[in-house]
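Participant: Take this structure first; my questions come after.
The values are calculated or read from the model by the stated rules, or taken from the named source; none is laboratory data. The shown structure was predicted, so the numbers you read here are calculated from the model rather than taken from an experiment. Here the Cβ positions follow ideal geometry from the backbone for every residue, glycine too, while neighbour counts run over all protein chains shown.
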Amino acid sequence: MTMSNQNRIALLHGPNLNLLGQREPDIYGTATLQDYVDAASSAARAFGLTIEALQSNHEGALVDAIHTARNDAAAIIINPGAFTHYAWSLHDALAAFGGPVIEVHISNPNAREPWRHTSVVSPVATGTIAGLGIHGYELAVQAVARWLGR
């Protein structure tokens with residue numbers, strides 16, 4: 001990993017998160033995906049870090065992004081969306097990543113439907129932040145910065 005890669009955080013978003021701001025605003029609020037990326041990017045700049053964001057509705061694309069991050073990023077912040085609950089391929093890919101992994105959720109899955117209470121990502125995540133909306137993304141960046149000694 002080059003020095004510039006040590007400053008990069010991969011920010012990954014799973015299915016339907018491209019609809020933030022339109023989809024179920026009573027649960028997810030009115031902030032758009034770009035608002036979340038911008039908040040994380042602003043928080044990262046304060047620590048000399050950069051964000052490389054990707055959203056995909058396709059599990060394989062996220063697995064590929066995690067594999068790429070093994071060489072191109074110091075950390076991963078991931079909101080797997082519905083993949084949280086069953087995408088073992090994400091679990092396995094994240095388990096092979098050597099840096100910190102922060103799982104983040106806009107809402108609190110444990111306060112919602114029972115099927116949302118299980119995460120296959122949590123066992124391989126350094127930490128999980130849930131239910132704090134856009135502030136959770138800022139906290140995830142702060143956690144990564146601290147983990148990286150910033």
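Participant: Does Gly29 satisfy the criteria of being loosely packed, with under 14 Cβ neighbours inside 10 Å and over 18 Å from Ala125 (Cα atoms)? Spell out how you get there, then give the answer.
Facilitator: Details: loosely packed, with under 14 Cβ neighbours inside 10 Å: no; over 18 Å from Ala125 (Cα atoms): yes.
Here the answer is no, as Gly29 does not meet what is asked.
Participant: Then there is this: Checking the structure you have, find out if any residue of region 39-59 is among the aromatic types (Phe, Trp, Tyr), buried (at least 18 other Cβ atoms within 10 Å of the Cβ) and at negative phi.
Facilitator: No, the conditions are met nowhere in region 39-59.
Participant: Which residues, counting only those in region 112-150, are of a type in the set (Gly, Ala, Ser), surrounded by fewer than 17 Cβ atoms within 10 Å (Cβ to Cβ), outside any helix (DSSP H, G or I) and modelled with pLDDT under 95?
Facilitator: Gly131, Gly149
Participant: Right, next: Among the residues of region 70-92, count how many are under 25 Å from Gln34 (Cβ atoms) and touching a helix residue (DSSP H, G or I) at 6+ places or on another chain (Cβ under 8 Å).
Facilitator: Going through region 70-92, the residues under 25 Å from Gln34 (Cβ atoms) turn out to be 72-84, 87, 90.
Narrowing the set further to residues that are touching a helix residue (DSSP H, G or I) at 6+ places or on another chain (Cβ under 8 Å) leaves 72-81, 83-84, 87, 90.
So the count comes out to 14.
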